[in-house]
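Only one structure is covered here, and it is reproduced in the block below.
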Amino acid sequence: MKPPAIAIDGPAASGKSTVAKLVAKELGYTFINTGAMYRAIAWYLAQQGVTPAQREKIAEMLPIMPLDFGKEGTVSTVLCAGKRLESELTEPVVNDRVSLVAAIPEVRAFLLHKQRKYNESEAVVMEGRDIGTVVFPDTPFKYFVTASEEVRAARRAAQGLTDSISERDKNDRERACSPLTRAADARVIDTSDMSIEQVVAEIVNDIKAKTQTLA
Ligand code: CDP
């Protein structure tokens, strides 16, 4: 039987990364940050002087990029030529371009395969924009984590990051290929007035209840 996959989707700065990491820790599952995968590609292309408009060139470059999507312990990692990418992933050029790069169908197809592969041999908590709709449409464990635009802007500012999240959300919602949208069967959690612990507890309790029902 395939190991479980927990899908956590939502708009930018909704708190889903923090929540997904803690849910994974509590369940002992591997945490996969798919945003980091799109960010790594956006970063690498910017390094190479390739703009998101150069779709054909990007499609050709995908299989030969020196990027590795792996994991360290129970957390996904992204390496470029053997070096782990971290601060690079939130550089302004990446924030500006990532949603344009993520709208390219070839990029999504390339990463979809790698994202599903993580779940072949282990249980995962995967966060992103299309996990419940496209990556794992059959999982019974889908959560759509959101918060008011005001709260999300304040959370991002508190991280000290310059990031126009409303523009990114608009791009993510309006793209033709795998847009950001709530799966019809996802449980929506508005975190505007909730603590992180409350959100994690709501998700973990729901997973446990569903697991018992399904057993
Ligand atoms: O941390 P934050 O929520 O701001 O963003 P992220 O999860 O790191 O994702 C960065 C960008 O990658 C998003 O704005 C999307 O354009 C893209 N993305 C996507 O298209 N599909 C995913 N499954 C994950 C991220």
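Here are a few things to note about the model shown:
- Modelled this way, with points 7 Å down the Cα-to-C-beta line, the labels at ALA184 and ALA81 are 4.9 nm from one another.
- Here the chain is treated with +1 on each Lys and Arg Cβ and -1 on each Asp and Glu Cβ, and its dipole about the Cα centre works out to around 340 debye.
- Taking a ≥ b ≥ c as the square roots of the eigenvalues of the Cα gyration tensor, the range 62-152 is classed as rounded, since a/c falls below 1.5.
- When the Cα convex hull of the range 1-106 is projected onto planes of every orientation, the mean area is 7.8 nm².
- Gaussian network model of the chain, springs between alpha carbon atoms under 10 Å - residue of ASN33, ASN119, ASN205 with greatest fluctuation: ASN205
- Per residue, in Å², the accessible surface of the chain once ligands and nucleic acids are set aside, probe 1.4 Å: 49 Å²
- FRET efficiency estimate (nearest 0.05) - Cβ-Cβ, GLN159 to GLU56, R0 30 angstrom: 0.30
- Lys, Arg +1 and Asp, Glu -1 on Cβ, resulting dipole of the range 167-215 about Cα centre, debye, nearest 20: 240 debye
- Per-residue [θ]222 nm for the chain (sum of -39500 (n - 2.57) over DSSP H runs n ≥ 4, rounded to 500): -14500 deg cm²/dmol
- Under 16 Å between alpha carbons - lysine pairs in the range 5-214 that sit 8 or more apart or on different chains: 11
- Positive-end residue, the chain charge dipole about Cα centroid, Cβ charges, pick of LEU79, ALA102, GLN47: LEU79
- For the range 112-159, the Cβ-based charge dipole about the Cα centre amounts to some 140 debye (Lys, Arg positive; Asp, Glu negative; other atoms uncharged).
- Prolate/oblate/rounded call for the range 126-210, Cα gyration tensor, a/c under 1.5 rounded: oblate
- Among the protein heavy atoms of the chain, carbon and sulfur supply 52% of the accessible surface, probe 1.4 Å, non-protein parts ignored.
- Gaussian network model of the chain, Cα within-10 Å springs - most flexible of VAL23, VAL188, VAL101: VAL188
- Local net charge near ALA102, Cβ-Cβ under 10 Å (Lys/Arg +1, Asp/Glu -1): +4
- Projecting the Cα atoms of SER17, GLN198, THR211 onto the dipole axis of the chain, where Lys and Arg carry +1 and Asp and Glu carry -1 at the beta carbon, places THR211 farthest toward the positive end.
The values are calculated or read from the model by the stated rules, or taken from the named source; none is laboratory data. Remember, predicted model here, so these are calculated numbers, not experimental data. Cβ: placed from backbone, ideal geometry, glycine included. Neighbour counts: every protein chain shown. These area figures cover heavy atoms from the full protein model, side chains too; ligands, DNA and RNA do not enter into them. Shrake-Rupley method; radii C 1.70, N 1.55, O 1.52, S 1.80 Å.
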